[in-house]
Each structure stands twice: as C-alpha cells, then as structure tokens.
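Undergrad: Please read through the structure below; I'll follow up with questions.
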Amino acid sequence: MREIWQSWGRWTGVEPWLIEVALAALGRTARPREALAGRVTYNQLKVLEAFRAHQVDEGDLAPSSGYAYNDRGRQKLESLYAQVFGAEAALVRPQIVSGTHALAIALFGILRPGDELVLATGTPYDTLLGMIGLRPGEPGALTELGVKPAVVPLLPGGSPDLEALVGAITPRTRMVFIQRSRGYALRPSIPVDGIAEIVAAVKRANPEAVCLVDNCYGELVEEREPAQVGADLIAGSLIKNPGGGLASTGGYLAGRAELVNVASGRLTAPGIGGEVGPFPGSTKREFFQGLYQAPQAVGQALEGAVFASDFFGLLGFETDPQPPEPRTDLIQSVVLGSRERLIAFCQGLQSGSPVDSHVRPVPWPMPGYDHDVIMAAGAFTQGSSIELSSDGPLREPYVAYLQGGLNRDQVVAACLLAAQAMDRAGLLPEM
Ligand SMILES: *Cc1c(COP(=O)(O)O)cnc(C)c1O
C-alpha cells in the first residue's frame with residue numbers, strides 16, 4: 001500500500017508527509033471499517049432476496065412511454081422498493097426530481113388547511129424551510145395553504161426532546177416530521193432505534209398523526225429502515241443512497257399504501273396517482289441496478305467517511321462522527337473554522353473527482369438555501385451525493401459536510417488533495 005500511495009503522490013504532487021498521515025489513518029481505521037462489512041452483506045442479501053422474490057426479468061428493465069399504463073416493470077420496481085424498505089407500498093419515479101421534491105409530495109399530498117405539522121427533530125434541512133413556510137415569503141408554502149408548523153428544537157446534545165414533542169402534539173396534529181440525517185447541521189443523525197422511540201411517543205399522544213421520515217442519506221446504512229419501526233411514510237432521493245450511483249435522477253416515497261396513494265395524487269393528479277408515469281430512456285434499468293448496487297455503494301462511502309474522520313482528525317480538525325462511532329447516515333462533518341479553509345478544502349476535494357477535476361468550485365447562492373453554499377461535486381450525475389461530494393454553507397463554524405464515494409480509494413485520494421490544497425495556502429493547523 002505504501003508504495004502505491006507514494007507513487008500516486010509523485011503523479012499528483014501530494015506531499016509525502018500527507019501520504020504518511022493518510023496511511024496512518026488507513027491503519028488506525030482498519031477495525032471500524034471492517035466492522036461495516038457485516039451490515040453491507042446483510043443489506044446486499046436483503047436486496048438480492050427482494051429481486052428474487054419479484055422474479056425481475058429482462059422485460060422489466062425496458063423503457064416505457066406516454067402514460068405508461070400497466071407498466072409491469074414499474075409496478076415490480078415499486079413493490080420491490082416496498083419490500084426492501086419494509087413498507088406496504090412505494091412510489092419510485094424519474095419524475096421526482098430530488099429529495100426535496102419527494103418530501104414536498106408527501107407534505108403537500110397529505111396535509112390540509114388547518115392541519116398542524118410538528119417538526120420533531122428541530123429546524124429541518126435548508127431546502128425545506130421555504131417550502132414549509134418557516135422562512136417567510138415563499139409563495140405557495142404550506143403555511144400559505146393554512147398548515148400550521150411547530151418546530152420542536154433538539155436537546156443541547158442533538159437528541160430529540162421527547163417531552164417537548166409530546167407537549168407539542170394536539171388533536172389537530174396531522175403529521176410529525178422526523179429528519180434521520182444531520183443534513184447541514186452539527187448534530188448526530190438519528191438511529192432507527194431513536195426513530196422508533198419518536199414514533200412510539202407520537203402514537204401515544206395522537207394515534208392518528210402520520211409520522212413522515214426524511215430518509216435522505218440514511219437508506220441501507222443500518223439493518224432496519226424507519227417503516228419497520230412504525231414510521232408511516234418515508235421519502236428520499238435516488239441520487240443519494242438508494243440509487244447506488246447509477247440512477248441519473250429520481251426520488252421515492254414508501255410507507256402505508258393509503259398514504260402513498262394519496263401522496264401520488266400530488267405527483268400527478270388526484271384520481272390518477274401512480275397509475276401513470278413513464279420511465280424513459282434507461283431510467284428503469286438504472287433504478288433496478290442502482291438499488292441492487294446500493295448496499296455496496298453505501299459501504300464504500302461509509303468506509304471513506306470513517307477514513308476521512310480519522311485523517312482530518314490527525315491533521316488537527318474536529319470531526320463528527322469520530323472514527324469508531326456507529327454510523328447511521330453517510331455524512332461526515334469536518335469543522336474547518338474559516339471561510340478560506342472551506343473553500344480550499346472543497347476546491348482540493350473537487351480536483352480528486354473523475355469528472356470536472358479541473359473545475360474550481362466557488363460559493364454561490366444556491367436556490368433553497370439561506371447562505372451561499374460551496375459544493376465540490378465532480379460526479380457523473382449532477383449533484384449526486386452518493387458519489388463523493390462535499391458541501392458547506394458559508395457560515396460559522398465553516399463545516400465541510402463530506403459524503404458519498406462509490407469507491408473508498410477515491411475518497412482517500414480526494415481527501416489528500418483537499419488537505420494539500422489547504423496546506424499550499426498555509427491553512428493547516430500547526431501540528
Ligand atoms: C439531501 C437532503 C434532502 C433533499 O435534498 P435534495 O437536494 O433536494 O435531494 C432533504 N433532507 C436531507 C436531510 C438531505 O440530506
């Protein structure tokens with residue numbers, strides 16, 4: 001290994017001392033990285049079993065057009081998703097453009113004027129703020145339609161405040177929103193066990209309340225999924241975990257059949273729902289094969305994250321989670337502490353990408369976000385974050401959120417290039 005990485009250092013000009021730090025981090029993280037292998041195997045076998053049970057055949061992979069009534073491959077794909085996620089039904093479509101869109105379908109599909117929406121895990125992911133109406137001024141927000149949101153802040157350590165949550169639930173609470181992953185916040189992700197506790201508390205307070213889980217970045221990280229512990233509906237993006245790096249677009253919802261059905265009327269139209277919806281081009285093959293590959297992609301990304309946590313820790317940065325901590329989402333936070341470092345980090349990381357390695361990312365006012373955001377994303381699919389990517393809002397304490405990586409070798413290489421970019425600019429802490 002040493003010789004391979006040293007010759008890579010000669011190709012790329014990365015300093016030998018940085019390579020030594022990376023080799024040390026690889027050695028130090030061998031155990032926690034191996035520990036991830038069992039979950040990958042479990043999830044791979046679970047996915048394979050769903051394919052076998054559904055007798056997926058070549059015809060199922062073919063494109064469909066127009067209304068695509070009775071698209072057998074689509075029906076199988078959705079039933080297969082339901083099985084993998086432990087749900088009654090699923091809606092899996094290339095017409096869902098992102099995770100935010102999938103969540104919008106769930107929220108707007110189910111909530112009605114006068115309904116209360118309780119956000120159980122604090123302020124939600126940035127792109128949801130305008131949609132819900134927590135950031136005023138967005139035309140068409142849920143609040144404009146008469147939905148009343150209430151945010152229950154997380155406890156200081158970042159865990160959900162179950163007492164305050166139960167206090168916020170009323171007979172008018174139609175939906176409780178639970179965000180599994182940390183998103184762009186310095187807080188722990190919520191394990192499926194923790195989601196189980198939230199759901200149980202909600203159901204005791206109001207059995208009619210629908211528990212919606214923002215499942216982004218959490219899929220196939222643990223052995224169980226939120227619908228298996230009582231969540232009524234989950235939603236996420238196919239250019240994250242479940243697309244396995246092969247899906248070129250798409251999103252999904254899964255959960256109780258009645259809820260998936262109502263929500264699907266928001267994607268198309270009430271009365272039509274999920275009965276129509278074509279899979280043009282190679283999208284259906286991508287979705288099947290992507291889900292099939294997803295456990296491996298998630299495993300590689302997690303190994304990369306564990307490495308990155310130790311590597312940047314050795315370089316003097318605070319990282320979260322720490323290398324041996326259990327992982328319940330893909331995201332690795334590295335607290336960089338300054339704007340200049342965040343920019344250099346993302347530019348260096350981008351230079352380690354297979355696509356657009358020569359492009360220098362700069363901060364920009366991304367739609368849906370409150371602060372300028374810098375994104376390193378040299379991906380085959382634009383914005384895909386199951387492929388290695390790093391983003392961070394330009395705000396204190398200047399955290400790089402690192403996620404994805406279809407192979408851990410690229411994560412190591414790209415982290416080295418990020419460190420090198422900070423070193424060249426004199427931005428690494430004194431060691
Ligand atoms: C990525 C993400 C979303 C949705 O983001 P899109 O970019 O719209 O796919 C929502 N919530 C969380 C926690 C996320 O990580």
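Undergrad: Determine, yes or no, whether Ser357 is crowded, with 20+ Cβ neighbours inside 10 Å, of a type in the set (Gly, Ala, Ser) and in contact (Cβ under 8 Å) with a residue 12 or more places away in the chain.
TA: Spelling it out, it is not the case that Ser357 is crowded, with 20+ Cβ neighbours inside 10 Å, of a type in the set (Gly, Ala, Ser) and in contact (Cβ under 8 Å) with a residue 12 or more places away in the chain.
Undergrad: Follow-up. For residues that are free of Cβ contacts under 8 Å to residues at least 40 places away in the same chain, on the phi < 0 side of the Ramachandran plot and not in a helix (DSSP H, G or I), scanning just segment 390-427, find the one that is surrounded by the fewest Cβ atoms within 10 Å (Cβ to Cβ).
TA: So the residue we want is Glu396.
Undergrad: Considering each residue of segment 229-252, count those that are outside any loop (DSSP other than H, G, I, E, B) and either touching an Asp or Glu at 6+ places or on another chain (Cβ under 9 Å) or away from the ligand (no atom under 14 Å from the Cβ) (or both), and give that number.
TA: 9
Undergrad: Right, something else. Going by the structure shown, is Leu238 over 23 Å from Thr173 (Cα atoms) and open to solvent by 50 Å² or more (accessible area, probe 1.4 Å)?
TA: Here the answer is no, as Leu238 does not meet what is asked.
Undergrad: Just to be sure, is Val14 open to solvent by less than 50 Å² (accessible area, probe 1.4 Å), in a loop (DSSP other than H, G, I, E, B), more than 22 Å from Pro191 (Cβ to Cβ) and in contact with a Leu (Cβ under 7 Å, 6 or more places away or on another chain)?
TA: Taking the combined requirement at face value, the residue satisfies it.
Undergrad: Can you find even one residue in segment 148-161 that is within 23 Å of Tyr252 (Cβ to Cβ) and buried (at least 19 other Cβ atoms within 10 Å of the Cβ)?
TA: For segment 148-161, residues within 23 Å of Tyr252 (Cβ to Cβ) and buried (at least 19 other Cβ atoms within 10 Å of the Cβ): absent.
Undergrad: Return the pair list, or none, for Cβ contacts closer than 6 Å from residues in segment 197-224 that are in contact (Cβ under 8 Å) with a residue 40 or more places away in the chain and over 29 Å from Val47 (Cβ atoms) to residues that are open to solvent by less than 10 Å² (accessible area, probe 1.4 Å) and among the aromatic types (Phe, Trp, Tyr), at least 6 apart or on different chains.
TA: Here the result reads none, with nothing in segment 197-224 linked to a residue that is open to solvent by less than 10 Å² (accessible area, probe 1.4 Å) and among the aromatic types (Phe, Trp, Tyr).
Undergrad: Please tell me if Glu275 is open to solvent by 20 Å² or more (accessible area, probe 1.4 Å) and touching a Lys or Arg at 6+ places or on another chain (Cβ under 7 Å).
TA: no
Undergrad: Would it be correct to say that Pro363 is touching a strand residue (DSSP E or B) at 6+ places or on another chain (Cβ under 6 Å) and within 30 Å of Ala141 (Cα to Cα)?
TA: The answer is yes for Pro363.
Undergrad: Hey, can you tell me all the residues within segment 168-182 that are hydrophobic (A, V, I, L, M, F, W, C) and either part of a strand (DSSP E or B) or within 10 Å of the ligand (Cβ to nearest atom) (or both)?
TA: Correct list: Met175, Val176, Phe177, Ile178.
Undergrad: Could you list, in sequence order, all residues of segment 198-228 that are within 15 Å of the ligand (Cβ to nearest atom) and assigned to a helix (DSSP H, G or I)?
TA: The one that is within 15 Å of the ligand (Cβ to nearest atom) and assigned to a helix (DSSP H, G or I): Pro226.
Undergrad: Let me ask another. Can you tell me which residue in segment 132-147 is nearest to Pro191 (Cα to Cα), limited to those that are surrounded by fewer than 21 Cβ atoms within 10 Å (Cβ to Cβ) and touching a Pro at 6+ places or on another chain (Cβ under 8 Å)?
TA: Leu134
Undergrad: Now for a separate question. When you check Gly194 against the structure, is it within 16 Å of the ligand (Cβ to nearest atom) and either in a helix (DSSP H, G or I) or crowded, with 24+ Cβ neighbours inside 10 Å (or both), yes or no?
TA: Criteria met by Gly194.
Undergrad: Continuing with the same structure: Anything in segment 167-183 that is over 16 Å from Val151 (Cα atoms) and surrounded by fewer than 20 Cβ atoms within 10 Å (Cβ to Cβ)? List them, or say none.
TA: Pro171
Undergrad: Among the residues that make up segment 18-35, is at least one of them closer than 30 Å to Ser309 by Cα, part of a loop (DSSP other than H, G, I, E, B) and of a type outside the set (Val, Ile, Thr)?
TA: no
Undergrad: Scan segment 60-89 residue by residue and report those that are open to solvent by 10 Å² or more (accessible area, probe 1.4 Å), within 22 Å of Val40 (Cβ to Cβ) and not in a loop (DSSP other than H, G, I, E, B).
TA: Gln83
Undergrad: Here is a follow-up. May I ask you to say which residue of Leu246, Leu186 is at pLDDT below 95 and either open to solvent by 20 Å² or more (accessible area, probe 1.4 Å) or polar (S, T, N, Q) (or both)?
TA: Selected residue: Leu186, the only one of Leu246, Leu186 that is at pLDDT below 95 and either open to solvent by 20 Å² or more (accessible area, probe 1.4 Å) or polar (S, T, N, Q) (or both).
Undergrad: Working only within segment 113-131, note down all residues that are of a type in the set (Asp, Glu) and either more than 12 Å from the ligand (Cβ to nearest atom) or open to solvent by less than 10 Å² (accessible area, probe 1.4 Å) (or both).
TA: Asp115, Glu116
The values are calculated or read from the model by the stated rules, or taken from the named source; none is laboratory data. Note that the structure is predicted; figures quoted are calculated from it, not measured. Quick reminder, even Gly has a Cβ in these numbers, built from the backbone with ideal geometry, and neighbours come from all protein chains shown. Keep in mind that these areas ignore ligands, DNA and RNA; they rest on the heavy atoms of the full protein, side chains included. Shrake-Rupley method; radii C 1.70, N 1.55, O 1.52, S 1.80 Å.
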